[in-house]
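Colleague: Got a structure for you, questions after.
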Protein chains: 4
Amino acid sequence: MKFKLSSELEYTLTQPVTFLLSVRARLSATQRILSEEFTINAPVEHVMVRCAATGTRFDRVHAANAGNITIRYQAEVEVLSERLNAGEVVETGPETFDLDVLPYLYPSRYCQSDRIGRLSYDLVSHLKTQEEQVRAIVEWIGTRVSYVSGSTNANTSATDTLVERAGVCRDYAHLGIALCRSMNIPARYFTGYAHDLNPPDFHACFETWIGGRWLFWDATGLASPDGVVRIGTGRDASDCSVCTSFGPLQLQRQEVHCQVLDLGYRKRTPEELLKETYCLDGAGPASA
Amino acid sequence: MKFKLSSELEYTLTQPVTFLLSVRARLSATQRILSEEFTINAPVEHVMVRCAATGTRFDRVHAANAGNITIRYQAEVEVLSERLNAGEVVETGPETFDLDVLPYLYPSRYCQSDRIGRLSYDLVSHLKTQEEQVRAIVEWIGTRVSYVSGSTNANTSATDTLVERAGVCRDYAHLGIALCRSMNIPARYFTGYAHDLNPPDFHACFETWIGGRWLFWDATGLASPDGVVRIGTGRDASDCSVCTSFGPLQLQRQEVHCQVLDLGYRKRTPEELLKETYCLDGAGPASA
Amino acid sequence: MKFKLSSELEYTLTQPVTFLLSVRARLSATQRILSEEFTINAPVEHVMVRCAATGTRFDRVHAANAGNITIRYQAEVEVLSERLNAGEVVETGPETFDLDVLPYLYPSRYCQSDRIGRLSYDLVSHLKTQEEQVRAIVEWIGTRVSYVSGSTNANTSATDTLVERAGVCRDYAHLGIALCRSMNIPARYFTGYAHDLNPPDFHACFETWIGGRWLFWDATGLASPDGVVRIGTGRDASDCSVCTSFGPLQLQRQEVHCQVLDLGYRKRTPEELLKETYCLDGAGPASA
Amino acid sequence: MKFKLSSELEYTLTQPVTFLLSVRARLSATQRILSEEFTINAPVEHVMVRCAATGTRFDRVHAANAGNITIRYQAEVEVLSERLNAGEVVETGPETFDLDVLPYLYPSRYCQSDRIGRLSYDLVSHLKTQEEQVRAIVEWIGTRVSYVSGSTNANTSATDTLVERAGVCRDYAHLGIALCRSMNIPARYFTGYAHDLNPPDFHACFETWIGGRWLFWDATGLASPDGVVRIGTGRDASDCSVCTSFGPLQLQRQEVHCQVLDLGYRKRTPEELLKETYCLDGAGPASA
């Protein structure tokens, strides 16, 4: 699937500041960058770096002066997502997990998997495969949590969402990750551009490691697996901020666009989506 | 129903200390004290006081010396509990609540009803009466929370139990109270002696204000409504400690006994209990 | 001290709703209502009730129709606050506390005194009197917490403020109450009108029970003890909401005014305020 | 410094289970393994793996049968720790941080650095260097938190410790990490064997990234920097469990020993330790 996407961020600086942006589409074997342009409308020091472990690309900016600064990114990207057939995922036990998968089993800032094992066991332990278990978790979250813009903040974690039952995409992903990890299913956070969002925004989803592959899930049901372009990968939102700043920085404006270029693309209904299993990352232990 | 009950508490004091005990059966119109004996095996200052608002009786002890101290309480009590027939509870709106009922609507230390309104609404708003709603909450807790001795501590609150899904009678009561209050149903904490407990211990349950009566509920299913003797009433466990100490005090030993004297008494099955509605407090606005 | 005060609240109702307002100055032996007027600009059922335990007056409103509704309250009030001389407060032990004082020792929704005993002990146990201890707590909060409008919400509790070190008057009061209770000093929440606030708003402070009197404290330093008029009293903010609604109700507008009428009134500096001890409630066990 | 160390862990298994042990001394340029022996007293599948990112070595065990299992590890290790002179650490800004350092700036499960920035700023922002700031944080924790065995559990996080002011080495390290990260100083968790502990146990400390080096800190003051042998490195305790189990596993017994072999070794007093700065990891961006 081919995509045309862009983002534009405007910040106000009151003093010199270093910050790290995560807006570029990931460059990997399953995601090709056909073209891209990254521009900053100010004379700043700037370097792009790529994380070896996750493949996420960051732009580190050092702005020596106060003032407004606008960052624009636009790209055309081809994503080789793969829809898996029923029975195609053959799960393997934890004795097969590589070391780079293990961190995605541990609790993290927003995903306190250590606290919710009884709930997840109660919800899905009767299901035979991990694929079915994750699907049941996704469906449970989708029907139990209400999508309410502005209902949560940067502090909100999976246990908060479990209590308050409202949130945005980030919160859905955190709860999904926490529930999966508590069933010993490695799960990681996924940020990206999504074709289907209204209003357009950055999106957050999650992936689970089953049968030697990272499978893709969106508990909000807002995006199709073949309608998203990955930016970052991490344990949770703390690894994947659009902007990490070392000093005061005020977001003034944000615009995000993402369009599928393939004519045949069709967003499926939530019911259809709940039956599909997608992999956006190829097979193999390496996540990058 | 007539009961024979007793408790024995042994504490170690390392310095002079004042403490407040809540072990006596409540004295009220619906609970008659046939006989009782309260003894302390040490020459201490001691006074019994009765809370006008709740009817709970406290024994305030001031021990001037270090050492061990044993408090024994035994009583015969008659409880005039009332089983209500189907349709007998006719609920009324919040515009009828007296001021002394209102505090039982507010969130408290262990019952953060302000945070869980979406969950309770999701669970029971489709039910027509508050009686049915509370019964559904009781049933939901009973099937979702595991009774695990030692799994919680004095910090544990309703939101913790919602996340961790395990607890003891105190935690079941707190979660029940929080869910009811979030539906605008006044709910209060109930501590007492219970016939059916194994091993014997103090018990905690809760009551809800519906139709001008306090109805009794035990989300653990361990006690029958006609098998309990009330000690204290409060917003949550913070109001109803067996012992509140103003200084160091170490519990060494605790023994609790409670026996129904009526020959005809039969503990019902959990299924039967889930269909019953009981009032242990007579009708009328005054809770004492 | 004489005051002229007023408040005006405008709500939008989308359906019939019952709500409870707490905006009237308390009527008590130490606070005389010289005149007052309470009006609602709509034909609604309305009744004023007074809580026997705390003296707080509530207005219960039942609005049968959707629409906008404006509540206006204005009053002239005389407050007989008493400034205590050095050494005038002679503290007494917990063995002298009446039952109606005890609830103010227990942890509550926003004041988890059960968790912060080590901190308070570390901060003030070296001070000889409870009056000095509370004053040190007030000073500690004043220098450790930043007053930041909008930094907290209705969920925020004393432990949150201890971690995040920012809040508004409500949060300052909750932290003060929690620290005092953890030192076995009864403490309660105080809401009122204050002469000195800029911008004008309802204010929150707290009181501690020492030597048979409720002493007044404002950890924010924004109000003078002789510049406030009490509305409500409670364990914490959960007891003292300006408005408790049983159904959806949207605040559209709020205006609050409070002016000292006495010519001689002078707001003291924070340094002066930190040396003063005031009682706004007369001596004696009864809080009403 | 040369060390002789050992650990012995006995677990009870009730069913087949896979688990991951982290007990081996790290193998790195600054830590040489002179000899080591790792034995399991049962015929199980077992493989040792080394994390490329952190250098931590794990032993993955798959036990096919129920029963008791004992794991013994003993080693002689040489650690090339380096004491830095005053002024030797020349700090550099966040614009110099490599990508593999950044995760140690983000909040993690037990280190909610995102919530405590006001506190750390209040405590140390007046100090000129990051080295002084971290030292002040270490000293602050050492005087504000009480070391109380059994006071915390696997749920306890830095914000809990800030509230409750008691904990064990793990909690001290978490609070230190959280405070440092909130000042934009990368900080990571360190587990190891320590010469000085009484009773002997595994130990937890932390490191901060300043001037291109990981500096070592122990807020408990229990260990000397030249008296510890590193096992694991991670964001917090969630990355560094002695044992991560995929299934039920009950610890029956644990014995840990660690002895410095160098004759000249002397544990310094807490006052001396507070003046020292040590690096246990050599200079350079790579942590492994």
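The values are calculated or read from the model by the stated rules, or taken from the named source; none is laboratory data. Computed from a predicted structure; not experimentally measured. Note that each Cβ is placed from the backbone with ideal geometry, even for glycine, and that neighbours are counted across all protein chains shown.
Colleague: Can you name the condition, by its number, that B:A63 falls short on among (1) outside the structural domain of B:P43 (by TED's automatic domain parsing); (2) farther than 23 Å from B:G232 by Cα?
Modeller: Every condition holds for B:A63 apart from (1).
Colleague: In a loop (DSSP other than H, G, I, E, B) and touching a residue at least 24 places away in the same chain (Cβ under 8 Å), is that true of A:D114?
Modeller: Here the answer is no, as A:D114 does not meet what is asked.
Colleague: For region D:29-62, which residues satisfy the criterion of being under 14 Å from A:L102 (Cα atoms) and not acidic (D, E)?
Modeller: Within region D:29-62, D:V49, D:R50, D:C51, D:A52, D:A53, D:T54, D:T56, D:R57, D:F58, D:R60 meet the criteria.
Colleague: Can you name every residue in region B:36-55 that is within 9 Å of chain C (Cβ to nearest Cβ) and either outside any strand (DSSP E or B) or hydroxyl-bearing (S, T, Y) (or both)?
Modeller: B:C51, B:A52, B:A53
Colleague: Name every residue in region D:61-98 that is farther than 30 Å from D:N184 by Cα, away from chain A (no Cβ under 14 Å) and buried (at least 20 other Cβ atoms within 10 Å of the Cβ), in order of residue number.
Modeller: If the condition is that a residue be farther than 30 Å from D:N184 by Cα, away from chain A (no Cβ under 14 Å) and buried (at least 20 other Cβ atoms within 10 Å of the Cβ), then D:I69, D:I71, D:Y73, D:A75, D:V77 are the ones that fit.
Colleague: Within the bounds of region D:117-126, is there any residue that is out of contact with any strand residue (DSSP E or B) (no Cβ under 6 Å at 6 or more places or on another chain) and over 22 Å from C:A166 (Cβ atoms)?
Modeller: no
Colleague: Here's another thing I want to ask about it. Of the residues that make up region D:99-113, is at least one within 14 Å of chain A (Cβ to nearest Cβ), under 30 Å from D:V44 (Cα atoms) and out of contact with any helix residue (DSSP H, G or I) (no Cβ under 8 Å at 6 or more places or on another chain)?
Modeller: The answer is no, given that none of the residues of region D:99-113 is within 14 Å of chain A (Cβ to nearest Cβ), under 30 Å from D:V44 (Cα atoms) and out of contact with any helix residue (DSSP H, G or I) (no Cβ under 8 Å at 6 or more places or on another chain).
Colleague: Just one of the numbered conditions (1) crowded, with 21+ Cβ neighbours inside 10 Å; (2) closer than 23 Å to D:T244 by Cα; (3) out of contact with any helix residue (DSSP H, G or I) (no Cβ under 6 Å at 6 or more places or on another chain) is not true of A:G212; which one?
Modeller: Of everything listed in (1) crowded, with 21+ Cβ neighbours inside 10 Å; (2) closer than 23 Å to D:T244 by Cα; (3) out of contact with any helix residue (DSSP H, G or I) (no Cβ under 6 Å at 6 or more places or on another chain), A:G212 misses just condition (1).
Colleague: Answer yes or no as to whether A:F3 is crowded, with 19+ Cβ neighbours inside 10 Å, within 14 Å of chain D (Cβ to nearest Cβ) and aromatic (F, W, Y).
Modeller: No, not satisfied.
Colleague: Could I ask something else about it? Against the conditions (1) closer than 30 Å to D:R57 by Cβ; (2) surrounded by fewer than 18 Cβ atoms within 10 Å (Cβ to Cβ); (3) at the interface with chain D (Cβ under 8 Å from one of its Cβ atoms), where does A:F58 fall short? Just the number, please.
Modeller: Of everything listed in (1) closer than 30 Å to D:R57 by Cβ; (2) surrounded by fewer than 18 Cβ atoms within 10 Å (Cβ to Cβ); (3) at the interface with chain D (Cβ under 8 Å from one of its Cβ atoms), A:F58 misses just condition (2).
Colleague: Is at least one residue of region B:154-169 surrounded by fewer than 24 Cβ atoms within 10 Å (Cβ to Cβ), of a type in the set (S, T, N, Q), under 16 Å from B:S241 (Cβ atoms) and over 16 Å from the mean Cα position of the chain (by Cα)?
Modeller: Yes, there is a match, as at least one residue in region B:154-169 is surrounded by fewer than 24 Cβ atoms within 10 Å (Cβ to Cβ), of a type in the set (S, T, N, Q), under 16 Å from B:S241 (Cβ atoms) and over 16 Å from the mean Cα position of the chain (by Cα).
Colleague: Next up: Give me the strands (runs of 3 or more DSSP E) completely within region D:198-285, filtered to those with at least 1 residues that are over 30 Å from D:Q130 (Cα atoms), ordered by residue number.
Modeller: So the answer is D:243-246, D:250-260.
Colleague: Is it the case that some residue within region D:263-273 is assigned by TED's automatic domain parsing to the domain that holds D:G176, β-branched (V, I, T) and free of Cβ contacts under 8 Å to residues at least 40 places away in the same chain?
Modeller: So far as region D:263-273 goes, yes, one or more of its residues are assigned by TED's automatic domain parsing to the domain that holds D:G176, β-branched (V, I, T) and free of Cβ contacts under 8 Å to residues at least 40 places away in the same chain.
Colleague: Taking the condition of being surrounded by 23 or more Cβ atoms within 10 Å (Cβ to Cβ) and either more than 28 Å from C:S7 (Cβ to Cβ) or without any contact (Cβ under 8 Å) to a residue 12 or more places away in the chain (or both), how many residues in region C:187-201 meet it?
Modeller: The number of residues fulfilling the criteria is 0.
Colleague: When the residues of region D:122-149 are narrowed to those that are part of a helix (DSSP H, G or I), within 20 Å of the chain's Cα centre (by Cα) and within 14 Å of chain C (Cβ to nearest Cβ), which ends up surrounded by the most Cβ atoms within 10 Å (Cβ to Cβ)?
Modeller: Across region D:122-149, the extreme among qualifying residues is D:I141.
Colleague: Now for a different question. Which of (1) assigned to a helix (DSSP H, G or I); (2) of a type in the set (S, T, Y); (3) within 12 Å of another protein chain (Cβ to nearest Cβ) is the odd one out, the single condition D:Y172 does not satisfy?
Modeller: For D:Y172, the exception is condition (3).
Colleague: Something else: If you check D:V77 against the conditions, is it part of a strand (DSSP E or B) and farther than 21 Å from A:V17 by Cβ?
Modeller: For D:V77, the condition - part of a strand (DSSP E or B) and farther than 21 Å from A:V17 by Cβ - is met.
Colleague: Sticking with this structure for a sec: Can you name the condition, by its number, that A:D160 falls short on among (1) within 11 Å of another protein chain (Cβ to nearest Cβ); (2) not in a helix (DSSP H, G or I)?
Modeller: Here A:D160 clears every test but (2).
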